[in-house]
Amino acid sequence: MKHPLLVLGIETSCDDSCVAIINERFEVLSNIVSSQIDVHRAFGGIVPEIASRKHLEVLPLVLHKALEEAGVTLKDIDVFAVTQGPGLLGALLMGVCLAKALSFALKKPLVGVNHIEGHIFAIRLEHPEVSPPFVALIVSGGHTELFAVSEWGKYTLLGRTRDDAAGEAYDKVARLLGLGYPGGPIIDQLSKSGNGKRFAFRVGLEDEDTLDFSFSGLKTAVARVFAQLTLEGRERTSLLADLAASFQESVIRSLVKKAFRAVEITGYRLLVVGGGVAANHRLREVMQEEGDKKNVRVLFPSHKFCTDNAAMVGACGLFHFLRGRRDGLEIDPIPQLSLGEKQAPSG
Ligand code: KG4
Ligand code: ZN
């Protein structure tokens, strides 16, 4: 008997080299992520050229490990799915070249995947029962976007950031406070010991009737307070924790407000949150509380499927493959690839 269809996903849009294998039931057989954080930390952020070189170096090992862990060989793979964009051109190119080479050598189909759509599909890996319609909030280092998902594969862009992405704001604030890189997990952790009410930061557009976001002013506000208050010793430690917690509360307030406004406008009863920032413990807590209050189901992927991974790329590729999509060897990375038609919110 033929084994269930196997999809090998490849993700290299930013600084994680990822290969995963899933089957046609969206079950994850392996999900390998090789993080480059240690390489980029010294620079306080991602250096695109280094990211590409590192992908080239580690991808063969990551591929080998993914096959080994799934207990299969390349000959067992039926479909190759790869992130085509958005992301860093050189980094994307490494994944796309590997996928094309595998597809060509093994004579198996290739499917290019939109990274943001991949983040939405992450929810299917652990919640196969989930089906549209729902509102999706994707919050990562490169994106902050709100979608109405009327059916799988059909997205209306309701709002997006007009400047920095939420994760980018975390990373920039952490850098200016001298906390290190990447900022999200560090601020998440530090905030646990801070007073999030100490500083009242307003977030751009938070009270305006738009589902767009703006986080660059918030970063400036944190910088201003930090510059005014240079304290020593224990007071400095507590100031940093209070600043981190107050910043975090503000970001979350804005995300929660807009996401639930989108729920109200669409009338959908399910909210799916994804992307690296969705790993944030406080965001998960506040979203859940608000969902309980408003009788809206709120779903997050587990941490490993929030941050970049190839299982979500495999899941998205599988969906499009089953719908008949086949890409040729001519596909190229598309750094600015977008998802969904932008539509003005109404209601
Ligand atoms: O989805 P992702 O892995 O990569 C992109 O597609 O951008 O997201 C990475 C972003 C980074 O900005 C990182 O600081 C943020 O997600 N992040 C977090 C947390 N973990 C990762 N932000 C807030 N809280 C976290 N726990
Ligand atoms: Zn991502």
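Per-structure values
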| item | result |
| --- | --- |
| Residue in region 294-303 that is of a type in the set (Ser, Thr, Tyr) and under 17 Å from GLY85 (Cα atoms) present | no |
| Residue, nearest to ligand 1 (Cβ to nearest atom), within region 150-166, restricted to residues that are within 22 Å of ARG224 (Cβ to Cβ) and in contact with a helix residue (DSSP H, G or I) (Cβ under 7 Å, 6 or more places away or on another chain) | ALA166 |
| Unique residue being of a type outside the set (Ser, Thr, Tyr) and more than 30 Å from ILE77 (Cα to Cα) when the list is ALA165, ALA122 | ALA165 |
| Matching option when the condition is closer than 21 Å to ILE116 by Cβ and either crowded, with 17+ Cβ neighbours inside 10 Å or not assigned by TED's automatic domain parsing to the domain that holds LEU190 (or both), among ALA262, ALA221 | ALA262 |
| Number of the condition not met by VAL58 [criteria: (1) more than 14 Å from ligand 1 (Cβ to nearest atom); (2) under 30 Å from SER214 (Cβ atoms)] | (2) |
| Lone qualifier among GLY204, GLY275 - being crowded, with 19+ Cβ neighbours inside 10 Å and at positive phi | GLY275 |
| Residue pairs meeting the criteria (Cβ under 7 Å; at least 6 apart or on separate chains; first within 22 Å of GLY167 (Cβ to Cβ), in region 218-230; second charged (D, E, K, R)) | LYS219/ASP164; LYS219/LYS172 |
| Unmet requirement for ASP38, which otherwise passes all of (1) among the acidic types (Asp, Glu); (2) under 22 Å from GLU126 (Cβ atoms); (3) out of contact with any strand residue (DSSP E or B) (no Cβ under 7 Å at 6 or more places or on another chain) | (2) |
| Condition check for LEU179: away from ligand 2 (no atom under 15 Å from the Cβ), on the phi < 0 side of the Ramachandran plot, assigned by TED's automatic domain parsing to the domain that holds LYS257 and in a loop (DSSP other than H, G, I, E, B) | yes |
| Number of positions in region 113-146 that are more than 16 Å from ligand 1 (Cβ to nearest atom) and buried (at least 24 other Cβ atoms within 10 Å of the Cβ) | 1 |
| Hits in region 105-123 (condition: more than 16 Å from ligand 2 (Cβ to nearest atom) and either at pLDDT below 95 or more than 13 Å from ALA81 (Cα to Cα) (or both)) | ALA105, LEU106, LYS107 |
| Helices (runs of 4 or more DSSP H) (entirely within region 215-329) containing at least 2 residues that are of a type in the set (Gly, Ala, Ser) | 216-228, 233-266, 311-322 |
| Residues that are without any contact (Cβ under 8 Å) to a residue 12 or more places away in the chain and farther than 30 Å from LEU322 by Cα, drawn from region 125-178 | GLY178 |
| THR220 being more than 29 Å from ALA310 (Cα to Cα), away from ligand 2 (no atom under 16 Å from the Cβ), touching a helix residue (DSSP H, G or I) at 6+ places or on another chain (Cβ under 9 Å) and among the β-branched types (Val, Ile, Thr) | no |
| Any hit, region 114-129, residues being of a type in the set (Gly, Ala, Ser), within 15 Å of GLY274 (Cβ to Cβ) and within 17 Å of the chain's Cα centre (by Cα) | yes |
| Filter result (at pLDDT 95 or above and either surrounded by fewer than 21 Cβ atoms within 10 Å (Cβ to Cβ) or outside any helix (DSSP H, G or I) (or both)) within region 182-197 | PRO185, ILE186, ASP188, GLN189, LYS192, SER193, GLY194, ASN195, GLY196, LYS197 |
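Let's see how each residue does on (1) surrounded by fewer than 24 Cβ atoms within 10 Å (Cβ to Cβ); (2) more than 23 Å from HIS115 (Cα to Cα):
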{"position": "ARG284", "(1), (2)": "yes, no"}
{"position": "GLU289", "(1), (2)": "yes, yes"}
{"position": "LYS294", "(1), (2)": "yes, yes"}
{"position": "PRO301", "(1), (2)": "no, no"}
{"position": "ASN309", "(1), (2)": "no, no"}
{"position": "GLY314", "(1), (2)": "no, no"}
{"position": "GLY317", "(1), (2)": "no, no"}
{"position": "LEU322", "(1), (2)": "yes, no"}
{"position": "LEU329", "(1), (2)": "yes, no"}
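Table: residues versus (1) part of a helix (DSSP H, G or I); (2) among the polar types (S, T, N, Q); (3) in contact with a His (Cβ under 9 Å, 6 or more places away or on another chain).
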| site | (1), (2), (3) |
| --- | --- |
| PRO4 | no, no, no |
| VAL7 | no, no, no |
| SER17 | no, yes, yes |
| ALA20 | no, no, no |
| SER30 | no, yes, no |
| VAL39 | yes, no, no |
| GLU49 | yes, no, no |
| ALA66 | yes, no, no |
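The values are calculated or read from the model by the stated rules, or taken from the named source; none is laboratory data. Note that the coordinates shown come from a computational prediction; the quantities given were computed from them, not determined experimentally. A quick note on method: Cβ atoms are made from the backbone with ideal geometry, for glycine too, and the neighbour counts reach across all protein chains shown.
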